[in-house]
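Rule-based calculations on the coordinates, nothing more; no lab input. All figures in this text were calculated on a predicted structure; none of them were measured in a lab. Cβ placement follows ideal geometry from the backbone for every residue including glycine, while neighbour counts extend to all protein chains displayed.
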Amino acid sequence: MGEQNEPVVQDFEKYFQLHSIKNKKTRKNENENKMAGAFDRSAVSIEAQPPFDPEPFEQYFEHWNEILKRFPLLFYGLGSKIELLRAFAEDMLVDQGYVVEVDGFSGQPRLIQNAISQLCDLEQVKKNVDTLNRSLRTLRRYAFIIVHCIDDDCMSDDDTRRDLIEIANSSNIFLIASLDRIPLWSLNFYTSMKFFTINVNTNRLYSQEIGFTMSAKSAVVLDSIERYDIVLKTLTETARVVFGVLAKYQMKTGKGLTASAWQDKAQAELFIRMRDSFNTQKNEFLDHKLIAQKKDTDLYTIPLSQQQLSALMERLFPSTDKQ
């Protein structure tokens, strides 16, 4: 893993050294170019690679989580870090509060502002960092913003940097970021961010980020059970049971349900006939983004991991056998 908080420049020097070598068709240089490609996503094509294994890093997750309570985390080193940061978020953060993922690779403007807007919509407050932080602090909630490629040019405008500094100094909003290019940062900005830098050499190709860049999305919410719990508890008991039917089926099979199959199972669970009421509840779930409908199909799923579903069901139905 390497030393924590060691100078970032070491990996950049390695990167430039690798790219200064002329492209000769030798086994040695093929290996060097592949290694350079693990740092520069534009140097590699999309190709199959083994599934990411987070196990070598999992021993550090709790330590990183503790550091995050005081400092923003900045991950750097050779290789794509998107899978690592997602694994860290799913294991340590989603049960603590809202998690928003920001695609710095897209190059789109106002990414941080869009992420803040999403969180403010969930909290139903004015769209600025200070108001969001005060709302979260009052309600004892937390928000985590993961920024992939924080050193991209789209993050360099004054408004974005001002918001990043404000986030870094907030009590209830936490920042996790990856460094994937050459940071042309002023000393004032870097000092104000108070980053705790962590060297992680994943040696993963940037295949996902290449595809991620082609996406029109500016920010993606990695949903938290906190939001689901809050929303579902504002709905009727019947609605929660209907939701629970889909959740239990998905936990058991890893698959979703068609509307007709879901309705049949809900009727059997409630011992009542449901026609218009089922569609009303299903549409309400869609409006609140509690469920997702697969494109061009009648299949519905809950966009949460198995671990999140289990924790959510325990909150909603603590005395119910989830199986």
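Quote the relative contact order of segment 54-214 in percent (integer), defining contacts as alpha-carbon pairs under 8 Å separated by 6+ residues. Provide the component values of the computation, followed by the final result.
Details: 257 pairs, mean separation 59.4, N = 161.
Value for segment 54-214: 37 percent.
Any idea what the dipole of segment 223-316 comes to, in debye rounded to 20, about its Cα centre with Lys/Arg Cβ at +1 and Asp/Glu Cβ at -1?
In debye, rounded to 20, segment 223-316 gives about 180.
Could you tell me the calculated FRET efficiency between D264 and Q293, based on Cβ-Cβ distance and R0 = 22 angstrom, to the nearest 0.05?
Values: r = 18 Å, r/R0 = 0.81.
The formula returns an efficiency of 0.75 here.
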Quiz prompt | Hz values of 3J(HN,Hα) by residue in segment 291-301 - Karplus curve (6.51, -1.76, 1.60), Gly and Pro given as x | solution = 10, 10, 9, 5, 4, 6, 9, 10, 9, 10, 9
Quiz item: Is the shape of segment 62-117 best called rounded, prolate or oblate, per the rule: a/c under 1.5 gives rounded, else a/b larger than b/c gives prolate, else oblate, with a ≥ b ≥ c the square roots of the Cα gyration tensor eigenvalues?
Solution: oblate
Quiz item: Amide H to amide H under 5 Å from E101: which residues, 5+ apart in sequence or cross-chain, H placed 1.01 Å off N in plane?
Solution: I146, V220, V221, L222
Quiz item: F75's amide H: which non-local residues (gap 5+, or another chain) put their own amide H closer than 5 Å, with H modeled 1.01 Å from N in plane and none for Pro or chain starts?
Solution: A177, S178, L179, I198
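Rounded to the nearest 0.05, what FRET efficiency do I67 and K255 have when you use their Cβ-Cβ distance and R0 = 41 Å?
Working: r = 38 Å, r/R0 = 0.93.
The computed FRET efficiency comes out at 0.60.
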Practice problem: Once you have a ≥ b ≥ c as the square roots of the Cα gyration tensor eigenvalues for segment 223-316, tell me rounded if a/c is under 1.5, and otherwise prolate or oblate according to whether a/b is larger than b/c. | Solution: rounded
Quiz item: Label-point separation (nm) for N128 and Q59, each offset 7 Å from Cα along Cα-to-Cβ?
Solution: 4.7 nm
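Quick one: compute the contact order of segment 223-316, relative version, from alpha carbon pairs under 8 angstrom and 6+ residues apart, as a percent. Before the final figure, lay out the partial values.
Values: 82 pairs, mean separation 36.4, N = 94.
Taking the mean separation of contacting Cα pairs over the length of segment 223-316, I get 39 percent.
Calculate, for N279 and D121, the FRET efficiency according to 1/(1 + (r/R0)^6) with r their C-beta to C-beta distance and R0 25 Å; round to the nearest 0.05.
Working from the Cβ atoms, E equals 0.50.
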Practice problem: Work out the length of the dipole vector of segment 50-161 about its Cα centre, built from +1 on the beta-carbon of each Lys and Arg and -1 on the beta-carbon of each Asp and Glu, and round it to the nearest 20 debye. | Solution: 680 debye
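So if each residue of separation counts as 0.36 nm, and I subtract the Cα-Cα distance between D157 and E90, what length gain in nm does that give?
Values: separation 67, 0.36 × 67 = 24.12 nm, distance 3.01 nm.
Here the segment from D157 to E90 would lengthen by 21.1 nm.
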